[in-house]
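The values are calculated or read from the model by the stated rules, or taken from the named source; none is laboratory data. Only a predicted model underlies this, so the values are computations on that prediction, with no experimental measurement involved. Cβ: placed from backbone, ideal geometry, glycine included. Neighbour counts: every protein chain shown. Keep in mind that these areas ignore ligands, DNA and RNA; they rest on the heavy atoms of the full protein, side chains included. Shrake-Rupley method; radii C 1.70, N 1.55, O 1.52, S 1.80 Å.
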Amino acid sequence: MVIDTSSKETRALFYNSAEWKQKRKEILKRDNYECQWCKAEGRVTLAEESALEVDHIQELESHPELALEDDNLRTLCKDCHNKRHNRMKYKGCNSKANKWQDERWD
């Protein structure tokens with residue numbers, strides 16, 4: 001699948017496509033419906049607590065060939081996704097409590 005990423009409109013077409021919607025479901029399931037950045041810091045952020053989004057590690061605009069590659073996709077909560085893209089509304093993930101403080105993950 002060749003993806004046109006030349007404009008905001010063509011990227012919107014991609015994000016509304018059946019292929020993307022299916023891939024998004026697969027990635028959320030693969031990542032156990034958890035934000036991967038929060039998980040790496042010992043916190044659990046699930047869909048019930050924050051909107052979960054699927055992030056392109058290598059940006060879609062500059063790497064359209066990786067748009068549907070599993071290794072280029074990860075689940076992030078809205079706060080982490082905003083942090084990753086330096087968006088103004090980022091509140092900060094550090095406000096989330098560590099639910100697993102009593103557990104040790106090696």
Which residue is least open to solvent (accessible area, probe 1.4 Å), if the candidates are limited to region 20-29 and must be more than 17 Å from H81 (Cβ to Cβ) and in contact with a helix residue (DSSP H, G or I) (Cβ under 9 Å, 6 or more places away or on another chain)?
E26
Residue satisfying all of: in region 54-106; at pLDDT below 90, open to solvent by less than 70 Å² (accessible area, probe 1.4 Å) and not hydrophobic (A, V, I, L, M, F, W, C); nearest to D4 (Cα to Cα) among these:
H85
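Matching residues to (1) more than 12 Å from the chain's Cα centre (by Cα); (2) within 22 Å of H85 (Cα to Cα); (3) surrounded by 17 or more Cβ atoms within 10 Å (Cβ to Cβ); (4) not charged (D, E, K, R):
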| position | (1), (2), (3), (4) |
| --- | --- |
| V2 | yes, no, no, yes |
| S6 | yes, yes, no, yes |
| T10 | yes, yes, no, yes |
| L13 | yes, yes, no, yes |
| A18 | yes, no, no, yes |
| E34 | no, yes, yes, no |
| W37 | no, yes, yes, yes |
| A40 | yes, yes, no, yes |
| R43 | yes, yes, yes, no |
